[in-house]
1. Simple spin-label model, 7 Å along Cα-to-Cβ: Ala453 to Ala336 in nm?
2. Please list 3J(HN,Hα) in residue order for the range 183-196, calculated via the Karplus relation 6.51 cos²θ - 1.76 cosθ + 1.60 where θ = phi - 60°; whole Hz, with x for glycine and proline.
3. Provide the percentage of antiparallel DSSP beta bridges, counting only those with both residues in the range 255-367; round to the nearest 5.
4. Based on Cα coordinates alone, diagonalise the gyration tensor for the range 11-92, multiply each eigenvalue by 5, take square roots, and list the semi-axes in whole Å, largest first.
5. For a quick protection proxy, order the peptides 378-388, 260-270 by their average other-Cβ count within 10 Å, most packed first.
6. Suppose the Debye formula is applied to equal point scatterers at every Cα of the range 255-367; what is log10 I(q)/I(0) at q = 0.10, 0.18, 0.21 Å⁻¹?
7. Output ³J(HN,Hα) for the range 168-181: one whole-Hz value per residue in order, computed from phi by the Karplus curve 6.51 cos²θ - 1.76 cosθ + 1.60 with θ = phi - 60°, and x for Gly and Pro.
8. So, by mean Cβ neighbours within 10 angstrom, what's the order for 70-76, 105-111 with the highest one leading?
Amino acid sequence: MSGSGTPDFDGKAYAARLSTAPGVYRMYAADDSLLYVGKAGALRKRVGSYFSNTPKAPRTLAMLAQVARMDVTVTRTEAEALLLENQLIKSLAPRYNVLLRDDKSYPYVLLTDQDWPRIAFHRGPRAVPGRYFGPYPGVTAVRETLNLMQKLFKIRNCEDSVFRNRSRPCLQYQIGRCSAPCVDLVAAEEYAESVRRAGLFLDGRSDELTGELSAAMEAASATLDFEQAARLRDLIAAIRTLQARQYVDGRAADLDVLACVMQGSTACVLLLAFRDGRNLGTRTFFPKTNGEDSAEEVLGAFVSQYYAEQTPPAEIVLDRQIPDAAMIENALGVSANRKVQLKWNVRSERAGYLELARRNAEIALATEISSRGAQTARSEALQQLLGLPEPARRIECFDISHTMGEATVASCVVFDASGPVRSQYRRFNITGIEPGDDYAAMRQAIERRFRRALEDHSAEKPGVLPDVLLIDGGAGQLAQARAALADLGVDGVVLVGVAKGEERRAGHETLILDDGREVRPGAASPALQLIQQVRDEAHRFAITGHRGKRQKARMTSKLEDIAGIGPRRRASLLKHFGGLAGLKAAGADEIARVDGINAALAERIYANLHGLPTPTTGHE
C-alpha cells in the first residue's frame, strides 16, 4: 500500500522534481504543523520511497495521510544533512520523529588555555577557552579521570582566584598530586610539557605517549640526569600498568557500545563507553518515540542525534543494524575528521559487552516503566480529585523563599506526564515589595511568569500554560495568584493551594481548591503524593536560589559597609581576585597590592571579611 498524502498533494510528482543531492526534507500537515524531518543521501530517491507501492508500517501510513506539503533543503554533504536534521528535530520537535530527550548536559574534562592551565570538571556551555575531552557517560567517570590526571601529571585543579593568591604550596602538592606552579616550584616549560602529555593521554594516544617518554628517559640517562630518568621511568610504569588492566581485545580501543530495548513504544538506549581502553561506565537514555515501535528506527535516530552533537569514537558497536548505516557512518567520519565505523555483527569481547549493555538496558527499562506506571497512577488520581476532564499534561508550582524578608526568591517548577522538566524551571528575584510580604511576592512572581507567556503568544505558537497551578501556601497566597491571573485575563488554569498540615507533618496537608473547598486526602492518597513531589521540588529550588542570593548579598554588603570602599575600589578588588571568594582567601599584604588600596585600608578589609576587630590606627 502506498502513502499519498492529502488529495491536494501529489507526493510522487513532488519527488520526481527533486535533486539527487543530499539534504533534509520536512513534511507538513494541512494546519502547517510539522509532521516529520528526515535526512537523505539522495533527496529524490528517499522522498520518492514514501510514495511508492512498497509496504509500510501503519504509523508511517498514518503520517503520510496527513501530508499537505513538503519542503527540502539541499546540502553539500551527507554530514551537513545529518547536522541540519538534528538541529531541526531539536528546535521544532516534529510530531512523528523520535526525540532524544536529556535534561542534563554532558560532563567533560576541561584543560584550560592559560599560562598555567588547570584541569577541571565541566558541564554546560563551552564558554571557557581550552580543550574539552568527552563527553563522559557520568560524573563518576570524570572524577576518576581527574584523579588519574593529577596522579600522573601533577596539573593544578584549583580555582584561578585561589591560584593567584597562594603564598605557599597546598595539600595537593604535599601528597604528590600537584607540582605547585602557584609558588613557582615548577618551571613554566616543565609544566607546559606535563599539560601537553596529559592532552595526549586524554586524546587516547597513550601508546604514542609512552614511546615519547621512553625516548626522553633514554636521553636523560645519556646525559647522566638520573633523577629525571627515574621520574620518567615511574611515569611510564604507571601508564603501562593502567593499560594492562584496561585493554579491549588486547589493544587500547576507543569505542561506544549501544543497546536498544523496547516495550511497546517505550524505549531505552544504553551507552557503554571505552576511551583509550578505559571503561568509563554507562549512561541510559529514554527517547520520546512518538509512537515508533521499531528498535532499529529508534536506535538509528539516537545515533544520528547523539553523535551530531558529540564527537564519535573510532568505533560504535550496535546491538542491531540501523537504517542508513552507511550514510550515517560516512557523515560521522566527515564531522570527526577521521574514520568512524558502525558495527553490529561482532564476536569475542565486543559481543560480551553488547550482552552486558542489553541486559542493563532491560533492567533500566523495567525500572522506568514501573516508575512511569506509578506516576501515571498518581496523575489519574489527581485528575479524579480535581475533577479534570483528562490527566494534567503540565503542572507548575510556585514557592517563595526568604530569611526575615531578606533576598526574596520565587521558584517555578514544571512537571509533565513523565516527571520534572528541569530545563523549564524558573527563578524570580522579587523586588519592590515590603520585606516579608509573601502575598506581594507571590503576586509578582505569578504576574511575571504569565505575562511572559502572553507576550510570547501568537497564532502559530500559543503561550505555554499549565493545566494545574499549585501554590505553596494557604488561602491568602491562593487569592493573590487568582487575582494576578484575572488581571492578565488568563483562564482555563486550575488553581490549588497547598497549606501545611498540623505541625507541618507530611501527609496532613490541606488542599484549597479553586471553588473554595478544602480537602485533606491523607498520606496514602496517590494524588497528594504527586502534589507533595511537585511542591517539595519547588521548595528545594527556591531555597537553593535564595541561599545563593543571600550569600552574595551579604558578602557584597560587607564590602559596601567598609569606609573608603566605593564602587570603583570594590570593582578593582573583585576583578583582581576573581570574585569575593578569592578576596576572602587573600591576606592583607596581597590586598594592599591592588591599585588604590593602601596597607591600612587592606587591614580593614581583611578584618571586616573575617569578623575581626577593625584596626583603628594608620592613615589612608
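1. 4.4 nm
2. 10, 6, 8, 9, 5, 4, 5, 5, 5, 4, 5, 4, 5, 4
3. If I count the DSSP bridges inside the range 255-367, around 70 percent turn out antiparallel.
4. Values: eigenvalues 75, 51, 25 Å².
Semi-axes, largest first: 19, 16, 11 Å.
5. In descending order of packing, they fall as 260-270, 378-388.
6. Ignoring solvent entirely, the Cα scatterers give -0.26, -0.88, -1.19.
7. Rounded to whole hertz, the list is 8, x, 8, 4, 4, 5, 5, 9, x, 10, 8, 8, 6, x.
8. Final packing ranking: 105-111, 70-76.
Any read-out appearing in this document is the output of simple, stated calculations on the displayed coordinates, not a laboratory observation. Here the structure is a predicted model, which is why all the values come from computation and not from measurement. Cβ: placed from backbone, ideal geometry, glycine included. Neighbour counts: every protein chain shown.
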